[in-house]
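Note sheet for the following structure.
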Ligand code: HEM
(Lines give C-alpha, C1' and ligand atoms only; values in the text may rest on other atoms or scores of the structure.)
Protein backbone atom coordinates (compact mmCIF):
# COMPACT_ATOMS: atom_id res chain seq x y z
CA UNK A 1 0.00 0.00 0.00
CA UNK A 2 2.70 2.50 1.13
CA UNK A 3 4.96 1.15 -1.60
CA UNK A 4 2.28 1.83 -4.27
CA UNK A 5 1.51 5.29 -2.90
CA UNK A 6 5.19 6.25 -2.88
CA UNK A 7 5.68 4.96 -6.40
CA UNK A 8 2.72 6.93 -7.75
CA UNK A 9 3.84 10.10 -5.89
CA UNK A 10 7.32 9.83 -7.34
CA UNK A 11 6.04 9.05 -10.83
CA UNK A 12 3.92 12.22 -10.65
CA UNK A 13 7.10 14.20 -9.95
CA UNK A 14 9.22 12.41 -12.55
CA UNK A 15 6.86 12.32 -15.56
CA UNK A 16 6.46 16.12 -16.01
CA UNK A 17 10.24 16.53 -15.82
CA UNK A 18 10.75 13.86 -18.48
CA UNK A 19 8.29 15.71 -20.69
CA UNK A 20 10.60 18.77 -20.82
CA UNK A 21 14.30 18.96 -21.70
CA UNK A 22 15.07 20.59 -18.30
CA UNK A 23 15.24 17.81 -15.73
CA UNK A 24 16.06 20.10 -12.78
CA UNK A 25 19.32 20.78 -10.93
CA UNK A 26 18.69 18.45 -8.00
CA UNK A 27 19.60 14.79 -7.49
CA UNK A 28 16.54 13.66 -9.44
CA UNK A 29 17.61 15.94 -12.30
CA UNK A 30 21.09 14.38 -12.30
CA UNK A 31 19.61 10.89 -12.45
CA UNK A 32 17.21 11.81 -15.25
CA UNK A 33 20.03 13.52 -17.09
CA UNK A 34 21.88 10.23 -17.17
CA UNK A 35 19.75 9.23 -20.19
CA UNK A 36 21.95 7.41 -22.67
CA UNK A 37 23.10 9.75 -25.43
CA UNK A 38 22.12 8.77 -28.99
CA UNK A 39 24.54 9.01 -31.87
CA UNK A 40 23.01 12.39 -32.72
CA UNK A 41 23.85 13.66 -29.24
CA UNK A 42 20.20 13.76 -28.15
CA UNK A 43 18.72 11.72 -25.33
CA UNK A 44 17.21 8.28 -25.85
CA UNK A 45 13.87 7.38 -24.38
CA UNK A 46 15.67 4.57 -22.56
CA UNK A 47 17.41 5.67 -19.39
CA UNK A 48 20.73 4.26 -18.26
CA UNK A 49 18.97 4.06 -14.91
CA UNK A 50 15.56 2.46 -15.29
CA UNK A 51 12.50 4.22 -13.90
CA UNK A 52 12.37 1.52 -11.20
CA UNK A 53 15.95 2.29 -10.24
CA UNK A 54 15.36 6.04 -10.15
CA UNK A 55 12.31 5.56 -7.94
CA UNK A 56 14.32 3.23 -5.70
CA UNK A 57 17.13 5.80 -5.38
CA UNK A 58 14.58 8.55 -4.53
CA UNK A 59 13.12 6.35 -1.78
CA UNK A 60 16.58 5.47 -0.47
CA UNK A 61 17.62 9.11 -0.27
CA UNK A 62 14.33 10.13 1.28
CA UNK A 63 14.38 7.50 4.04
CA UNK A 64 18.15 7.34 4.59
CA UNK A 65 18.39 11.13 4.49
CA UNK A 66 15.39 12.18 6.48
CA UNK A 67 14.77 9.54 9.10
CA UNK A 68 18.34 9.01 10.33
CA UNK A 69 19.13 12.68 10.75
CA UNK A 70 15.86 13.34 12.54
CA UNK A 71 16.65 10.46 14.91
CA UNK A 72 20.14 11.81 15.51
CA UNK A 73 18.49 15.08 16.55
CA UNK A 74 15.89 13.27 18.66
CA UNK A 75 18.49 11.36 20.66
CA UNK A 76 20.72 14.45 20.95
CA UNK A 77 17.83 16.40 22.47
CA UNK A 78 17.18 13.50 24.83
CA UNK A 79 20.82 13.41 25.99
CA UNK A 80 21.12 17.19 26.27
CA UNK A 81 17.95 17.19 28.36
CA UNK A 82 19.31 14.70 30.85
CA UNK A 83 22.79 16.24 30.82
CA UNK A 84 21.92 19.95 31.23
CA UNK A 85 25.58 20.82 31.82
CA UNK A 86 26.30 19.73 28.24
CA UNK A 87 23.26 21.58 26.95
CA UNK A 88 24.66 24.74 28.59
CA UNK A 89 28.15 24.09 27.21
CA UNK A 90 26.79 23.73 23.68
CA UNK A 91 24.59 26.81 24.02
CA UNK A 92 27.62 28.86 25.13
CA UNK A 93 29.63 27.52 22.21
CA UNK A 94 26.85 28.45 19.74
CA UNK A 95 26.34 31.91 21.27
CA UNK A 96 30.09 32.53 21.24
CA UNK A 97 30.31 31.63 17.55
CA UNK A 98 27.07 33.07 16.19
CA UNK A 99 25.51 35.20 18.90
CA UNK A 100 21.79 35.42 18.14
CA UNK A 101 22.42 35.40 14.36
CA UNK A 102 21.39 32.43 12.22
CA UNK A 103 24.27 29.94 12.18
CA UNK A 104 26.54 30.48 9.19
CA UNK A 105 26.82 27.10 7.41
CA UNK A 106 30.52 27.73 6.66
CA UNK A 107 31.30 28.15 10.36
CA UNK A 108 29.35 25.15 11.70
CA UNK A 109 32.53 23.06 11.72
CA UNK A 110 33.91 25.36 14.40
CA UNK A 111 31.40 23.89 16.87
CA UNK A 112 33.82 21.36 18.36
CA UNK A 113 31.83 20.48 21.48
CA UNK A 114 28.70 20.03 19.43
CA UNK A 115 30.55 17.65 17.10
CA UNK A 116 31.67 15.64 20.13
CA UNK A 117 28.11 15.44 21.47
CA UNK A 118 26.73 14.36 18.09
CA UNK A 119 29.35 11.61 17.75
CA UNK A 120 28.64 10.42 21.31
CA UNK A 121 24.91 10.42 20.51
CA UNK A 122 25.58 8.34 17.40
CA UNK A 123 27.61 5.94 19.52
CA UNK A 124 25.01 5.44 22.24
CA UNK A 125 21.89 5.73 20.05
CA UNK A 126 22.93 4.92 16.51
CA UNK A 127 19.81 5.30 14.31
CA UNK A 128 21.12 2.51 12.06
CA UNK A 129 21.07 -0.77 13.97
CA UNK A 130 22.61 -3.29 11.61
CA UNK A 131 24.79 -3.54 8.58
CA UNK A 132 24.71 -6.58 6.37
CA UNK A 133 27.52 -7.94 4.28
CA UNK A 134 28.33 -11.10 2.33
CA UNK A 135 31.83 -12.58 2.12
CA UNK A 136 33.18 -12.65 -1.44
CA UNK A 137 35.88 -15.19 -0.57
CA UNK A 138 36.81 -17.57 2.25
CA UNK A 139 38.27 -15.41 4.99
CA UNK A 140 39.29 -15.29 8.62
CA UNK A 141 38.30 -12.44 10.90
CA UNK A 142 40.18 -12.66 14.18
CA UNK A 143 39.80 -16.32 15.10
CA UNK A 144 36.58 -16.82 13.13
CA UNK A 145 36.68 -18.61 9.78
CA UNK A 146 34.04 -17.37 7.32
CA UNK A 147 33.32 -19.29 4.12
CA UNK A 148 32.66 -17.49 0.83
CA UNK A 149 29.03 -16.39 0.42
CA UNK A 150 28.25 -16.19 4.13
CA UNK A 151 25.80 -13.46 5.18
CA UNK A 152 27.05 -11.37 8.09
CA UNK A 153 25.03 -9.06 10.29
CA UNK A 154 27.01 -6.40 12.15
CA UNK A 155 25.07 -5.23 15.22
CA UNK A 156 26.07 -1.58 15.63
CA UNK A 157 24.63 -0.92 19.14
CA UNK A 158 26.46 -3.92 20.63
CA UNK A 159 29.74 -2.89 19.02
CA UNK A 160 29.28 0.69 20.19
CA UNK A 161 29.06 -0.42 23.82
CA UNK A 162 31.86 -2.96 23.77
CA UNK A 163 34.04 -2.21 26.81
CA UNK A 164 37.09 -3.78 25.18
CA UNK A 165 36.84 -1.18 22.44
CA UNK A 166 35.45 1.88 24.26
CA UNK A 167 36.74 1.34 27.80
CA UNK A 168 34.93 0.75 31.10
CA UNK A 169 32.74 3.81 30.65
CA UNK A 170 31.30 2.48 27.37
CA UNK A 171 27.72 2.70 28.69
CA UNK A 172 28.17 6.27 29.85
CA UNK A 173 27.59 9.53 28.02
CA UNK A 174 31.06 11.00 27.73
CA UNK A 175 31.43 13.29 24.67
CA UNK A 176 35.01 14.08 25.73
CA UNK A 177 36.11 10.71 24.40
CA UNK A 178 35.78 12.36 20.95
CA UNK A 179 37.96 15.36 21.82
CA UNK A 180 40.62 14.12 19.38
CA UNK A 181 38.13 13.15 16.68
CA UNK A 182 36.67 9.77 15.76
CA UNK A 183 39.86 7.84 15.22
CA UNK A 184 41.26 8.67 18.65
CA UNK A 185 38.04 7.91 20.54
CA UNK A 186 38.25 4.14 20.86
CA UNK A 187 40.96 1.53 21.14
CA UNK A 188 40.50 0.83 17.43
CA UNK A 189 40.46 3.64 14.84
CA UNK A 190 37.09 2.74 13.31
CA UNK A 191 35.10 2.04 16.45
CA UNK A 192 32.29 4.41 15.49
CA UNK A 193 30.22 2.59 12.89
CA UNK A 194 27.09 4.78 12.85
CA UNK A 195 27.81 5.82 9.26
CA UNK A 196 29.41 2.47 8.44
CA UNK A 197 32.89 2.46 6.91
CA UNK A 198 34.60 1.61 3.64
CA UNK A 199 33.35 2.11 0.09
CA UNK A 200 29.67 1.65 1.01
CA UNK A 201 29.71 4.00 3.97
CA UNK A 202 27.04 6.67 4.26
CA UNK A 203 27.17 9.06 1.35
CA UNK A 204 25.26 11.69 3.33
CA UNK A 205 27.31 11.72 6.53
CA UNK A 206 28.84 15.19 6.17
CA UNK A 207 25.55 16.63 5.02
CA UNK A 208 23.66 15.07 7.93
CA UNK A 209 26.21 16.37 10.45
CA UNK A 210 25.77 19.88 9.01
CA UNK A 211 21.99 19.55 9.10
CA UNK A 212 22.07 18.33 12.69
CA UNK A 213 24.48 21.08 13.77
CA UNK A 214 22.48 23.90 12.21
CA UNK A 215 19.17 22.64 13.63
CA UNK A 216 20.60 22.04 17.08
CA UNK A 217 22.34 25.44 17.05
CA UNK A 218 19.03 27.17 16.24
CA UNK A 219 17.25 25.27 19.01
CA UNK A 220 19.96 26.07 21.55
CA UNK A 221 19.90 29.75 20.64
CA UNK A 222 16.15 30.01 21.19
CA UNK A 223 15.14 27.40 23.77
CA UNK A 224 16.22 25.49 26.81
CA UNK A 225 14.78 21.99 26.95
CA UNK A 226 13.99 19.46 29.65
CA UNK A 227 12.33 16.04 29.48
CA UNK A 228 8.64 15.87 30.25
CA UNK A 229 7.79 13.60 33.21
CA UNK A 230 5.68 11.66 30.67
CA UNK A 231 8.83 10.46 28.90
CA UNK A 232 9.39 6.70 29.13
CA UNK A 233 12.84 5.52 28.13
CA UNK A 234 12.17 2.71 25.65
CA UNK A 235 14.51 2.73 22.64
CA UNK A 236 13.02 0.28 20.18
CA UNK A 237 14.14 -1.37 16.95
CA UNK A 238 11.62 -0.21 14.34
CA UNK A 239 14.06 -0.73 11.48
CA UNK A 240 15.86 2.30 12.96
CA UNK A 241 16.30 3.07 16.67
CA UNK A 242 13.33 5.11 17.86
CA UNK A 243 11.96 6.16 21.25
CA UNK A 244 8.95 3.83 21.47
CA UNK A 245 6.69 6.43 23.10
CA UNK A 246 8.17 9.50 21.44
CA UNK A 247 10.22 12.19 23.12
CA UNK A 248 8.00 14.65 24.98
CA UNK A 249 10.11 17.66 26.04
CA UNK A 250 9.38 21.05 27.52
CA UNK A 251 10.80 23.87 25.46
CA UNK A 252 11.28 27.17 27.26
CA UNK A 253 11.95 30.26 25.13
CA UNK A 254 15.26 31.60 26.38
CA UNK A 255 14.28 35.25 26.46
CA UNK A 256 11.54 34.28 28.95
CA UNK A 257 14.01 32.34 31.15
CA UNK A 258 16.34 35.31 31.59
C1 LIG B 1 22.49 10.61 11.15
C2 LIG B 1 22.29 10.44 9.88
C3 LIG B 1 22.63 9.21 9.09
C4 LIG B 1 23.03 7.96 9.53
C5 LIG B 1 23.23 7.48 10.96
C6 LIG B 1 23.25 7.15 8.35
C7 LIG B 1 23.69 5.83 8.36
C8 LIG B 1 24.02 5.11 7.25
C9 LIG B 1 24.65 3.81 7.26
C10 LIG B 1 25.03 3.02 8.50
C11 LIG B 1 24.82 3.44 5.97
C12 LIG B 1 25.52 2.18 5.46
C13 LIG B 1 24.64 1.01 5.37
C14 LIG B 1 25.48 -0.20 5.06
O15 LIG B 1 26.71 -0.13 5.06
O16 LIG B 1 24.89 -1.24 4.85
C17 LIG B 1 24.29 4.49 5.13
C18 LIG B 1 24.25 4.45 3.75
C19 LIG B 1 23.66 5.44 2.98
N20 LIG B 1 23.21 6.65 3.40
FE21 LIG B 1 23.18 7.33 5.30
N22 LIG B 1 22.97 7.90 7.24
C23 LIG B 1 22.59 9.16 7.65
C24 LIG B 1 22.25 10.23 6.84
C25 LIG B 1 22.13 10.18 5.49
C26 LIG B 1 21.74 11.29 4.64
C27 LIG B 1 21.43 12.72 5.13
C28 LIG B 1 21.70 10.82 3.35
C29 LIG B 1 21.35 11.51 2.06
C30 LIG B 1 21.19 12.78 1.91
C31 LIG B 1 22.08 9.42 3.40
C32 LIG B 1 22.15 8.58 2.30
C33 LIG B 1 22.69 7.33 2.33
C34 LIG B 1 22.83 6.50 1.13
C35 LIG B 1 22.38 6.86 -0.28
C36 LIG B 1 23.45 5.31 1.55
C37 LIG B 1 23.81 4.11 0.69
C38 LIG B 1 25.25 4.27 0.22
C39 LIG B 1 25.68 3.06 -0.60
O40 LIG B 1 25.05 2.01 -0.53
O41 LIG B 1 26.71 3.16 -1.27
N42 LIG B 1 22.34 9.08 4.71
N43 LIG B 1 23.82 5.51 5.94
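Observations
- The helices (runs of 4 or more DSSP H) located wholly in the stretch 130-243 that include 3 or more residues which are within 30 Å of residue 96 (Cα to Cα), modelled with pLDDT of 95 or more and away from the ligand (no atom under 14 Å from the Cβ) occupy 205-222.
- Complete set of residues in the stretch 85-129 that are within 15 Å of the ligand (Cβ to nearest atom), buried (at least 18 other Cβ atoms within 10 Å of the Cβ) and part of a loop (DSSP other than H, G, I, E, B): 125, 126, 127
- Every residue from the stretch 1-32 that is modelled with pLDDT of 80 or more, out of contact with any helix residue (DSSP H, G or I) (no Cβ under 7 Å at 6 or more places or on another chain) and in a loop (DSSP other than H, G, I, E, B): 20, 25, 26
The values are calculated or read from the model by the stated rules, or taken from the named source; none is laboratory data. As the structure is a prediction and not an experimental result, all values here were calculated from the model. Glycine gets a Cβ as well: all are built from the backbone with ideal geometry, and neighbour counts include every protein chain shown.
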